[in-house]
Amino acid sequence: MLFNSYEFLLFFLPAVLAAYFALGLRGKDRLAIAFLVAASFFFYAWWRAQYIWLLVASIAVNFAAGRAIVHRAARNEATRTLLVLGIAFDLLLLGYFKYANFFLANVASLLGIAPERLDVILPIGISFFTFTQIAFLVDASRGKAREPDLLNYSLFVTYFPHLLAGPILHHREMMPQFADRTTKRVDWENVARGLALLAIGLGKKVLIADTLALQANDAFGSVHPLTFGDAWLAILCYTLQIYFDFSGYTDMALGMALMMNIRLPQNFDSPYRQRNLQEFWRHWHMTLTRFLRDYVYIPLGGNRRGEPWTSCAIVATFLLGGLWHGANWTFVAWGLANGVGLVVLRLWGRTGIRLPALAAWLVTFLFVNVAWVFFRAPDMASAVSFLGALRGGGGFAGFRLVVAPVTIATLAAACAIAAWPRNSNRIVAEMTFRWPLQVATALLLAAGILSLSNPTEFLYFNF
Amino acid sequence: MPKRFIRNSLLAAALLLAIAGAINFEVDPFQQYRIPTKYEPRFYRSFQRYENPGVARNYAYDRAIIASSLFENIPGSEMDRAFGYGRTQNLCDSALTAYDARKLAETALSTGHVKEIVFNVDYNSFSGPPDHVGYGDKLPLYLYDRTHWNDYPYVLSIATLRKSLDILAGRKEVGYRTDPDAPWYWADTVTFSAKNVVDELDVNDLNRRYQQPQRTLDGMMKSFEANVVPLVRDNPGTTFIFAWPPYSILVWIDFRRRGQLDVSLDFKRRFFEILSKYPNVRIHDFQARTDWITNLDEYRDMYHFSPRISEALVKDLGAGRERMTPEDYVARIENLRSIALSADLGKIIAAVRARQRR
């Protein structure tokens with residue numbers, strides 16, 4: 001089920017909230033947890049019911065592995081083998097469903113034979129629930145997480161606001177909240193703030209991201225050469241589309257969780273206002289950056305083994321981060337570009353030269369824009385062709401693609417919102433409950449729901 | 001205070017949605033609930049997959065044309081004249097797939113008054129998985145059934161609301177037609193000429209403009225067996241008339257170059273062998289009509305032919321001509337294969353250019 005669907009907004013979410021609080025009010029906390037797990041499985045099954053087994057299997061194996069790790073650690077026995085086996089299971093699952101065909105195609109290409117394709121459908125959200133559970137296993141082996149209760153663990157993994165596209169959670173930041181009895185009671189202030197955040201997220205997704213997507217899709221799907229103007233307009237639209245799409249999704253997730261008195265970690269914090277690439281990554285998809293830092297970069301040695309090693313660790317981490325987003329060389333190239341960009345930034349930092357704030361922002365923003373070309377292009381050839389158009393290879397004569405006035409208006413609004421210092425999280429944290437925000441929330445909800453028809457999928461579901 | 005915020009926000013949002021929904025239901029721009037009487041019906045090309053199920057349910061007809069853009073220029077009345085009986089409704093969808101066709105046919109058949117359905121058989125409509133949709137992510141299936149309770153995506157839609165308000169304000173936009181007899185007709189908006197056809201070609205990649213995917217026989221058969229066979233088998237009281245359309249010779253050159261000729265002709269053979277067993281099926285083949293397919297002046301591009309060819313095709317259908325039979329289907333297919341193999345793109349283009357110079 002998509003957040004941006006009538007079924008979710010008009011039926012599923014209201015019904016779940018009502019039942020959850022009804023159980024909580026009667027003091028049936030355990031039943032409320034069980035209900036949320038059941039609702040989350042239903043939410044997942046709405047996509048393809050037959051893939052429930054995959055989610056169940058993944059939970060069962062990781063729960064058993066995590067429990068065994070904790071027990072062995074308690075007896076001071078080695079946990080490394082169990083940890084490796086658990087992570088190997090997760091990676092094999094992810095590898096089969098997400099990367100098998102990519103691997104086969106590349107092997108076939110190397111051998112010069114016809115590629116075989118496995119009849120595999122990428123299970124929605126698999127990258128997210130796999131990473132969440134890998135983090136749990138590692139934390140369990142470090143003594144930072146333990147979960148003896150299967151129902152609680154199931155809720156940690158399947159909790160529907162984060163199941164399909166994150167944020168990627170730490171066990172320790174969620175379980176105390178789920179265990180807290182007060183989270184099962186209605187807190188009207190949290191419901192109001194959550195509702196406002198959900199409305200903002202919905203508006204970001206369906207009013208802004210989906211509108212900008214039309215221009216970006218036209219350009220990246222065009223069979224004709226793009227002019228300089230076409231290419232730059234398209235990549236600017238895509239840069240803002242992906243931000244409003246994913247941060248809109250996250251706002252909705254955070255908003256509906258807050259309505260249930262659960263605080264999910266923030267995932268975006270005005271990334272396009274940042275003045276260097278490192279700051280960008282500290283404000284963009286923050287829970288993924290945190291995961292990569294804690295579970296890839298630091299275990300690789302981080303910055304403890306000298307500059308050359310640090311640079312290699314950064315690039316390796318971002319290559320993996322790129323590949324995590326999709327089984328395509330374009331994602332690898334995108335990860336590589338960001339990794340190399342961060343290394344260059346470190347070297348630049350050593351020179352002691354500081355760019356003026358505006359220039360620093362411009363360089364960062366342009367770099368991020370150009371890197372998104374690899375992220376959006378269907379293949380490397382298209383990406384290279386698009387980069388050529390950005391350099392003017394397709395000519396400088398105006399626009400060959402149709403540019404709708406609504407695209408320009410939406411783009412201008414999107415730029416202003418992305419640049420505005422008060423982002424959605426701050427607006428909601430600082431909001432008073434006076435009538436202007438009531439009107440804004442009502443308008444966003446109504447306009448958002450009216451714009452759901454023929455919904456496009458959230459971009460991150462395939463990652 | 002938070003309680004009041006929640007109550008007021010939700011009530012105001014609900015009120016706005018209720019107003020929008022009431023307007024959309026009453027105006028009903030895509031004709032889902034009734035044929036409009038207070039305004040001229042509008043057939044929006046960009047919303048065909050939304051509007052056709054409503055047209056299929058609400059208009060009076062006993063023969064439906066369910067086809068891709070190749071048959072959009074056939075008015076229902078033209079087919080009525082050619083057949084000499086019945087009343088035809090054109091229900092074409094651009095880029096129609098086998099799945100799109102089945103869903104639309106099921107909606108039309110659910111009315112209980114459809115006696116004949118005319119399909120064009122487009123190889124490309126059998127590409128992709130059996131539930132492959134030709135346009136967009138998925139069909140608005142909530143409009144293809146006979147219940148209204150699940151129509152909220154239509155009634156609570158800004159796209160519908162824009163059309164409703166345009167109609168209420170009497171604004172006449174572009175992009176729609178008003179004649180139910182030829183709701184999707186576009187031939188009067190384009191030019192049919194060999195020069196245009198050749199000018200638009202990428203001689204190195206004839207498929208560049210259409211980006212048709214590669215097909216496999218196995219994949220095509222899966223779609224055929226999931227979408228066509230059940231329709232024919234489960235509706236013995238309805239006659240299904242399939243027509244293999246006259247693509248220009250350029251399509252066959254493209255198929256040949258992309259290694260799609262054999263898979264296409266094998267599919268055509270299997271199609272006939274399976275469906276010819278059903279007494280409620282007629283299959284007509286216009287693909288080897290060299291008088292049509294080599295005359296590029298009758299084409300808008302390498303796929304789409306002119307109303308002149310449409311009209312002749314409809315007359316042949318009505319008269320039962322070019323019907324495939326167990327005796328001639330192999331010969332027809334082999335004839336088409338030899339036409340495709342002997343076609344020379346260089347000569348075709350040179351001939352068109354030479355004519356231009358004259």
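For chain A, carbon and sulfur atoms together expose 66% of the accessible surface, with a 1.4 angstrom probe and every protein chain in place. Across the stretch B:345-356, coupling constants 3J(HN,Hα) worked out from phi with the 6.51/-1.76/1.60 Karplus curve, θ = phi - 60°, read 4, x, 5, 4, 5, 4, 5, 5, 4, 5, 5, 4 Hz, and Gly and Pro carry x. For chain B, the longest principal axis of the Cα atoms and the long axis of helix B:329-342 meet at an angle of about 80 degrees.
Using DSSP, restrict attention to beta bridges with both residues in the protein assembly as shown and report what percent are antiparallel, rounded to the nearest 5. Just about 20 percent of them are antiparallel. For A:R193, neighbours were defined as the other residues whose beta-carbon sits under 11 Å from its Cβ, and their charges (Lys and Arg +1, Asp and Glu -1) total -2.
Of the chymotrypsin sites (Phe, Trp or Tyr not before Pro) in the stretch B:140-231, the ones in a loop by DSSP (not H, G, I, E or B) with at most 16 other beta carbons within 10 Å are B:W149, B:W186, B:Y210.
By the helix-only formula, in which each DSSP H run with n ≥ 4 contributes -39500 (n - 2.57) and the sum is divided by residues, chain A has a 222 nm mean residue ellipticity of -21000 deg cm²/dmol. Computed over protein heavy atoms with a 1.4 Å probe, the accessible surface of chain A works out to 42 Å² per residue. The Cβ shell under 13 Å around A:G301 holds other residues with a net charge of +2, Lys and Arg each +1, Asp and Glu each -1. Taking amide H as placed 1.01 Å from N in the peptide plane, B:T239 has its amide H under 5 Å from the amide H of B:E116, B:I117, each at least 5 places away in sequence or on another chain.
When A:F318, B:F43 are compared by accessible area of protein heavy atoms, the largest-first order is A:F318, B:F43, using a 1.4 Å probe. In a DSSP loop and with at most 16 other Cβ atoms within 10 Å, the trypsin sites (Lys or Arg not before Pro) in the stretch B:144-199 are B:R146, B:R171, B:K172. Only helical runs count toward this figure. For chain B, summing -39,500 (n - 2.57) over DSSP H runs of n ≥ 4 and dividing by all residues gives -13500 deg cm²/dmol at 222 nm. The B-A contact accounts for approximately 2300 Å² of buried accessible area, totalled over both chains at a 1.4 Å probe radius. Working from label points 7 Å from Cα in the Cα-to-Cβ sense, the B:E200 to A:L355 distance is 4.5 nm. Measuring nothing but protein heavy atoms, the accessible surface of the stretch B:317-358 at 1.4 Å probe radius is 53 percent carbon and sulfur.
B:I241: net charge of surrounding residues, Cβ under 10 Å, Lys/Arg +1, Asp/Glu -1, itself excluded? Spelling it out: positives minus negatives among the neighbours equals +2. Compute the distance from the alpha-carbon center of the stretch B:319-358 to that of the stretch B:1-40, in whole Å. Measuring centre to centre over Cα atoms gives 55 Å. Excluding same-chain neighbours fewer than eight residues apart, the lysines reachable from B:K138 by a Cα-Cα span under 17 Å are B:K103.
Largest accessible area first, the residues B:I74, B:I349, A:I121 order themselves as A:I121, B:I349, B:I74 under a 1.4 Å probe with ligands, DNA and RNA left out. Between B:I65 and B:Q89, B:N90, B:L91, B:V118, the built amide H atoms are under 5 Å apart, and every one of these is 5 or more places off in sequence or on another chain.
The values are calculated or read from the model by the stated rules, or taken from the named source; none is laboratory data. All figures in this text were calculated on a predicted structure; none of them were measured in a lab. FYI the Cβ positions are ideal-geometry reconstructions off the backbone, even for glycines, and counts take in every protein chain you see. Only protein heavy atoms, including side chains, enter the accessible area calculation; ligands, DNA and RNA are left aside. Shrake-Rupley method; radii C 1.70, N 1.55, O 1.52, S 1.80 Å.
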